[in-house]
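Data block below; observations after.
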């Protein structure tokens, strides 16, 4: 029973503290805003490109050797020449 009573008072105290905190956060002092100094002007100038551009002549690498042919596989004959479908026909007649 004591635990419930303490919890109620503690919850009420936290709720009241949050209420006061929120009220202070949105409080208006009814005075004009402070003067904000003007933002400095940033002048971005592109540099002139160099007159003589250094280029490098690239030589392509030699082509890779062709891949080797895989060995030939032997054909394996199925054990049953004609599978039995138990009279179930998959033929579609038009």
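The values are calculated or read from the model by the stated rules, or taken from the named source; none is laboratory data. Note that the structure is predicted; figures quoted are calculated from it, not measured. Cβ atoms come from the backbone with ideal geometry, glycine included; neighbour counts cover every protein chain shown.
Evaluation of residue 14 against the conditions (1) in a loop (DSSP other than H, G, I, E, B); (2) at negative phi shows that the sole unmet condition is (1). Checking 83, 70, 78, 64 one by one, the residue that is assigned to a loop (DSSP other than H, G, I, E, B) and modelled with pLDDT of 90 or more is 64 and no other.
When each of 90, 18, 10, 25 is tested for being over 39 Å from the mean Cα position of the chain (by Cα) and either modelled with pLDDT of 85 or more or surrounded by 10 or more Cβ atoms within 10 Å (Cβ to Cβ) (or both), the lone residue that passes is 10.
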